[in-house]
Amino acid sequence: MNDLETRLNDALHAGDPPARDPLFRVETLVRLERARFRRQVRRTLAVVGVLAVLAAVNVRLIDSWVAANDQRVWTAALAAAATLWTIPVVMTRPRFRMAVRAFGRLLYP
């Protein structure tokens, strides 16, 4: 037998497996979860940053749009209210929920 087979035989006949350290497992899981949380925070901050830049770039356009016609503001407010009211209804649809989950997994894998 060569050295590799001897070591394998010794390991197979050694008996009990080595003791496990539960604190090491917990610390490892905590470290992994912290890393996952930091990645999610970075992604969320990136999305918020992009949205803030878009809002800052379009602030003049939005201001002139609001000043041009008050009726548009009321229409936009009603549309926003209707959208917020329908979100819970739409979220009960399985296909829509699947699409939202897929988008969430794209942002936060």
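Since every read-out is calculated from the coordinates, none of them should be taken as a lab result. Owing to the predicted nature of the structure, the values given are computational and were not obtained by experimental measurement.
Quick look at the values:
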item	result
Mean Kyte hydropathy of 1.6 or more with a Cα span along the axis of at least 15 Å, helices from DSSP in the chain	none
Rg/Rh ratio calculated on Cα atoms of segment 6-72 (Kirkwood radius)	1.60
Within the chain, helix-based [θ] at 222 nm, where runs of 4 or more DSSP H residues each add -39,500 (n - 2.57), nearest 500	-28500 deg cm²/dmol
